[in-house]
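This report concerns only the one structure given below.
Each reported figure results from applying straightforward, stated rules to the coordinates on display, with no laboratory input. Fair warning: this is a prediction, and the values are worked out from it, not measured in the lab. A quick note on method: Cβ atoms are made from the backbone with ideal geometry, for glycine too, and the neighbour counts reach across all protein chains shown.
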Amino acid sequence: MKKDILLIFVLVLFAVFVIRGVDIRSVDDYYDAHPEEVRPGSKTVTLSIDCRTIYDHYDDLEEALKKGEYLPKDGWILPETTIVLEEGDSVFDVLIRATRIYHIPMEYQGTDQNIYNSVYVQGIQYLYEFSCGPLSGWTYAVNGEPADVGCSMKKPADGDKITFIYTCELGRDIGFPVPETGGNP
Amino acid sequence: MRALEKFHPGVLFVYFLAVLSVTMFVRHPMITAASLLGGLLLQRSLDGRKRFWKDMGFYIPLLALITVTNPLFSHNGVTQLFFLNGNAVTLEAVACGVHMGMMIVAVLLWCAAMNRLFTGDKVMYLLGRIAPGLSLVFSMVLRFVPQFRKKRKEIMTVQKAMGLYTSKSYTDRLLSSVRVYSALIGWALEHSMEVGVSMKAKGYGQGRRTNFHLFRRQKRDSGFLAITLVLTCVTLTGVLTGKTHYDFYPAMDRVENGCLWAVAAFAVLAVMPFILAEEEKCRWNYYLRKT
């Protein structure tokens with residue numbers, strides 16, 4: 001019997017450990033964020049989310065995404081919008097705040113889940129990496145400068161212009177430099 | 001059970017190949033449901049009620065596990081239910097998980113049925129001439145799991161006779177089964193070596209070997225094969241013309257009426273062995289009552 005009690009104790013401990021690491025929020029709760037007022041003196045950046053490239057590669061797009069009204073006809077998931085920049089914000093923090101304000105579904109890989117120690121954006125608005133051909137995915141630019149580090153490592157400054165862009169050709173179609181090693185279709 | 005066992009091995013092979021490949025490669029909820037239904041009915045008919053529910057004790061938790069796991073890794077989908085650690089859990093991901101679980105359980109059920117009906121001698125007969133090595137290994141693999149199970153029971157019985165397993169404590173019982181498994185693994189390793197030596201002594205690998213069989217093609221074989229082929233062709237026509245195309249993401253498709261004939265054909269195909277087995281049972285009981 002003593003062993004049984006010990007076993008139950010260990011199981012309970014494990015359950016508590018798991019439950020403490022879980023954070024469940026309702027949908028309304030998650031999207032509860034409101035745009036902050038732009039006061040004089042507060043730092044701001046502009047953010048836009050652009051997937052116009054898929055219309056140049058429409059044949060490659062997944063059939064499921066062609067059916068409904070999942071993607072905007074003009075290719076702008078989020079037109080240029082002003083977001084208040086908080087102290088220590090990274091590009092990813094700005095993006096996630098914007099998606100919570102404007103109810104845009106987004107999926108990402110956390111910093112602990114890849115070797116680059118940075119967040120990787122897998123999909124925005126049902127449009128995922130590889131949704132439009134084998135070389136497609138999300139990338140970003142700050143003031144037109146192509147991304148050189150992961151979006152959670154880049155710290156934008158006041159007045160920066162952040163654009164998240166969907167590429168179908170590993171950046172070639174949006175004028176980004178293509179790494180020599182990558183790009184094997 | 002004789003009704004199915006007595007079919008010619010080639011016919012059984014074609015049948016299981018058709019059902020398994022459609023189940024595995026067609027992603028459509030109704031096809032999967034039909035396959036699962038056929039697998040369940042056949043399994044219920046082959047096994048008694050007790051064995052069936054014992055097996056369900058494994059399949060149902062497996063289904064639940066896959067259902068819960070999929071939404072943890074897939075966050076796509078328009079119907080967001082709630083947010084878990086900042087990621088959406090969606091209805092679509094749950095549905096896709098249920099579908100995946102059903103597919104895996106269906107494949108397992110069909111493989112279990114195949115194991116019962118498509119025995120080692122049939123494998124040897126069918127593939128022995130084309131690929132002797134492969135079919136030998138395959139038939140040995142098929143034999144391995146039941147043998148393992150039997151041996152486990154043997155070890156447990158011996159340990160019970162030795163006075164182990166008397167403790168009421170769950171922990172002790174859990175540890176006892178660990179002990180049984182360690183004995184089982186040791187036995188399996190040793191056994192595989194012995195099998196190798198023994199087979200060498202019997203002259204395996206020296207040249208072609210013949211095998212004994214009593215299989216003959218009968219009229220009912222041709223009938224069963226013809227029905228299987230026709231139904232499979234109808235199903236495949238539906239699949240290849242894209243009628244059974246179904247997407248879970250971003251939103252679940254509605255099941256179109258246009259695919260129903262393909263689904264119906266496959267459902268008939270999947271339920272056929274159950275009907276044959278039950279018909280035989282009815283006839284057997286009828287004759288028993290008559291005498």
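What is the fewest-to-most order of B:Lys122, B:Lys54, A:Lys2 by other Cβ atoms lying within 10 Å of their Cβ?
Working: B:Lys122 22, B:Lys54 11, A:Lys2 8.
Least crowded to most crowded, the residues run A:Lys2, B:Lys54, B:Lys122.
Dividing the alpha-carbon Rg of the protein assembly as shown by 2.2 N^0.38 Å yields what? Before the final figure, lay out the partial values.
Working: Rg = 29.9 Å, N = 476, 2.2 N^0.38 = 22.9 Å.
With N residues counted in the protein assembly as shown, Rg over 2.2 N^0.38 Å equals 1.30.
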Subject >> Two-site FRET efficiency, B:Lys160 against A:Tyr102, from Cβ-Cβ distance with R₀ of 60 Å, rounded to 0.05 >> reply: 0.35
Subject >> Diffusion coefficient, µm² s⁻¹, Stokes-Einstein with Kirkwood Rh over alpha-carbon pairs of region B:106-208 at 20 °C and 1.002 mPa s >> reply: 131 µm²/s
Original post:
In Å and whole numbers, how far do the C-alpha atoms of region B:231-274 stretch along each principal axis, longest first?
Top reply: 37, 21, 15
Original post:
So which lysines pass the test for B:Lys219, namely a Cα distance under 18 Å, with those fewer than 8 places away in the same chain ruled out?
Top reply: B:Lys6
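How large is the helix-only mean residue ellipticity at 222 nm for chain B, computed as the sum of -39500 (n - 2.57) over DSSP H runs with n ≥ 4, divided by its residue count, in deg cm²/dmol to the nearest 500? Could you put the intermediate results ahead of the total?
On the way: 10 runs with 214 residues, N = 291.
Rounded to the nearest 500, it is -25500 deg cm²/dmol.
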**OP:** Could you go through region B:32-45 in sequence order and give the Karplus-derived ³J(HN,Hα) for each residue, using 6.51 cos²θ - 1.76 cosθ + 1.60 with θ = phi - 60°, rounded to whole Hz, and x for Gly and Pro?
**Re:** 4, 4, 4, 5, 4, 4, x, x, 4, 4, 5, 5, 5, 6
Original post:
What pairs in B:Lys50/B:Lys151; B:Lys54/B:Lys151; A:Lys3/B:Lys160; A:Lys67/B:Lys243; B:Lys151/B:Lys200; A:Lys3/B:Lys50 have C-alpha atoms more than 27 Å from each other?
Top reply: A:Lys3/B:Lys50
**OP:** Sort out for me the Cα centre separation of region A:12-82 from region B:44-79, rounded to whole Å.
**Re:** 33 Å
Original post:
In nm, what is the difference between 0.36 nm times the number of residues separating A:Lys43 and A:Ile19 and their Cα-Cα distance?
Top reply: 4.8 nm
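Take B:Leu20, A:Leu135 and order them by how many other Cβ atoms sit within 10 Å, fewest up front. Walk me through the numbers before you get to the answer.
On the way: B:Leu20 16, A:Leu135 21.
Ascending number of Cβ neighbours within 10 Å: B:Leu20, A:Leu135.
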**OP:** For B:Leu260 and B:Thr291, compute 0.36 nm times the residue count separating them, minus their Cα-Cα distance, and round to one decimal in nm.
**Re:** 6.6 nm
Original post:
Taking 1 over the mean of 1/r across every pair of different Cα atoms in region A:27-174, what Kirkwood radius in Å do you get?
Top reply: 15.9 Å
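For chain B, how big is the tail of P(r) above 29 Å, as a whole percent of Cα pairs?
52 percent
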Original post:
Hey, fewest Cβ within 10 Å first, where do A:Ser48, A:Ser152 land in order?
Top reply: A:Ser48, A:Ser152
